[in-house]
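Worksheet for the structure shown next.
Values in this text are rule-based calculations from the coordinates and carry no lab data. Quick caveat, the model's predicted, so the values are computed rather than measured. Here Cβ is always computed from backbone atoms with ideal geometry, including for glycine, and neighbour counts include all displayed protein chains.
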Amino acid sequence: MISYNFFFLSFFLLFFFFFKKHSSTLEVMEKSVSLQVITTPRSLADPLSLQIRDLFSPGSSVSTQPDCLSGFYSPDELKPHFMRPMEDPDGPGANGRAFIPENMSPAEMREKQEGLVRNGFDQFVSDRISVHRSLGNDTRHPECVEQKFRHCPRLPDTSVIIVFHNEAWSTLLRTIYSILHTSPAILLREIILVDDASTQDHLKAPLDLHVQPLKIVRVLRQKERKGLVAARLLGAQEAKGNVLTFLDSHCECFHGWLEPLLAQLREQPMAVVSPEIAVIDSNTLKFTKPLPSAGARSRGNFDWGLSFGWENIPEPERLKRKDETYPVRTPAFAGGLFSIYKDFFNHIGTYDGQMEIWGGENIEMSFRVWMCGGQLEIVPCSVVGHIFRTRTPYSFPKGLEVIVHNQVRAAEVWMDDYKNVFYRRNKKAAFIAQSKSYGDISERLELKEKLQCKNFSWYLENVYPEVFVPELAPALFGSLMNMGSHTCLDIGERKPVRRAVILYKCHYMGGNQHFEYTVLQELRHNTAMQLCLHATIEPEPVRIELCNYKGGSTVPAPQQHEVFKKCLTVEGVKAIMKTCNPADKYQHWTFGP
Ligand SMILES: *[C@@H]1O[C@H](CO)[C@@H](O)[C@H](O)[C@H]1NC(C)=O
Ligand SMILES: *[C@@H]1O[C@H](CO)[C@@H](O)[C@H](O)[C@H]1NC(C)=O
Ligand SMILES: [Mn+2]
């Protein structure tokens, strides 16, 4: 362990160098532009894309569809299996509106509370809204509303696969009917429900009896609780459609959601396409309708704790979209709702079957699809609503550790040396990796070899050039313990930007106590954002701020000069900059494991 007098460190706490990072980012951006030309959507005439189409959807190439008509699909041809029944426009939640019950009896209050606890959304409200409710007029961007779809080659058909575990009756049925009322019958081959060992009675015989007359809805059951990945694999195996479309069991599909997904796959058979996700409020079931104006689009990303997140589309990506019907390329995807050719799903290695229950599988699939020749896209003209639950009722029989287990499998297979960046931020993951208790990954490595997948630095440079990459080998890292107070520097639980750094009992698990002392002599906390320790003038506590860099050079903020030659000192529960005194134990720090 190395003990520091903070005299020197304090000098460098002041501001934050990004010259090196910044210049390499620019370089990479240029490279990515040339790549976009190759993979830009709608390259129908591109021989490569034709070749790929033949490979993955043999039935749909022009030559094998002699009866394929010219022109566009008419509204009549795109009629759904079941028209939506007429609805009372003033009924609860009609047209996607919120439903707020009034004058509730004590029994109703109890029912409401129990529903909330059981599901993580308000089942009481859901139960009173029609399972056939409409979502009102089509409010998408006019270019989406007016989008037409060529007959030739024919749009592929799809199996919709819905995995559920103890889903409420009304939300599950509303998901099913919303698909049946919005999907063109010629494109919807079937709906496959996969029961991941639910224990609630309504999901057994009553569900079978209810969907049986609908003919195109099937229920498959997993006897034992195996989780999302295994259940989706079961559904995929049984699916008869050309395309697999995965949805959650508490969704509502908006007007024309399916055609744009299938049309984009027809153009790019090696794509994995996701709809734009609209929020269905977990308390009122209000459906947040899309706006006709082209809003700021977001895309998916990941951070170095391997958590999925959203970000605004960077300018170069935005400019590449000629109109609203163009897809948005995304470095990572949420993984809940998406469509993929069944053949391509198999070709690209489906899922890592040894991932347990839920969590991390979307990041693994994101890396794999991009690195092995595919691409991930969000299609904004396709809008599907989803209830974001306040808590997950999806229980984890073996505890939350399975998520870390899954993340370690993803890191070991796909991240090369960059896996250490993750392990430094998650000590539990580091332990699982070190003790090799993440299971056998040899099949996944063989897959990577067989598909001749690119490496992780290729992915970072070409797919996500905007990503902040922490140093692969920082000078010092870990928990920063104060020798006087024996507590550790911690960013706290709340959104840390512009907040005082706190001192907390050392837990040595990384997370909020992970700091790196970089070769540029900054103290950074950089898991989700690029955060730097920011010196302040006594008695202001030292803050955590977004690292500050400007153009190609580094200029200290003016007020920072005054705190030169001060030392980071613990005083009570605060960290402040004070005049240096080598005898003061509260100015000595050490990097822990
Ligand atoms: C839907 O559109 C029709 C015709 O454009 C209009 O008359 C009606 O008011 C709209 N309904 C809602 C709920 O906005
Ligand atoms: C990753 O692949 C690129 C080519 O795409 C290659 O230039 C580079 O050396 C590879 N990096 C490693 C660490 O293997
Ligand atoms: Mn969900």
ask   = Where the centroid of each part is defined by its Cα atoms, how far is the range 203-246 from the range 451-515 in Å?
value = 41
remark   = Interchain or sequence-distant (5+) residues whose placed amide H lies within less than 5 Å of the amide H of G478 are F515
inquiry  = From Cα pairs below 8 angstrom and at least 6 apart in sequence, can you work out the relative contact order of the range 99-193, rounded to a whole percent?
reply    = 32
remark   = Expected vector for the range 235-243, Karplus 3J(HN,Hα) from phi with 6.51, -1.76, 1.60 and θ = phi - 60°, integer Hz, x for Gly and Pro, equals x, 4, 4, 7, 5, 9, x, 5, 10
request  = In nm, give the distance between the simple-model label positions of A294 and E538, each being 7 Å from the Cα along the Cα-to-Cβ direction.
outcome  = 5.6
key: Reach of K215 by Cα under 21 Å, taken over lysines that are not fewer than 8 positions away in the same chain   = K79, K204, K240
inquiry  = Largest first and in whole Å, what are the equivalent-ellipsoid semi-axes of the range 273-312 based on the Cα gyration tensor, each being the root of 5 times an eigenvalue?
reply    = 23, 16, 8
ask   = Cα to Cα, under 13 Å, and not fewer than 8 places away if on the same chain: which aspartates and glutamates meet these conditions relative to K322?
value = E143
query = So who's got an amide H within less than 5 Å of the one on V219, skipping anything under 5 residues away but keeping other chains? H placed 1.01 Å off N, in plane.
reply = L193
key: Stokes-Einstein D in µm²/s, Kirkwood radius over Cα pairs - the range 120-225 at 10 °C with 1.306 mPa s viscosity   = 100
Karplus 3J(HN,Hα) series, Hz, for the range 505-511 with 6.51 cos²θ - 1.76 cosθ + 1.60 (x for Gly, Pro) = 3, 5, 10, 6, 10, x, x
note = Listed by chain and number, the residues whose amide H is under 5 Å from that of A185, excluding neighbours fewer than 5 places away on the same chain and using placed H, are K79, H81
inquiry  = Could you order the peptides 526-535, 88-97, 129-138 from most to least packed, using the average number of other C-beta atoms within 10 Å per residue?
reply    = 526-535, 129-138, 88-97
message = Taking the number of other C-beta atoms within 10 Å as the exposure measure, put W257, W310, W304 in order starting with the fewest.
response = W310, W304, W257
request  = Could you pull out every one of the lysines with an alpha carbon less than 26 Å from that of K578, ignoring same-chain neighbours closer than 8 positions?
outcome  = K505, K565, K566
ask   = What relative contact order, as a whole-number percentage, does the range 320-465 give when Cα pairs under 8 Å and 6 or more residues apart are counted?
value = 30
note = Set K495/K574; K428/K585; K226/K286; K223/K342; K289/K320, cut-off 28 Å on Cα-Cα distance; pairs above it are K428/K585; K226/K286
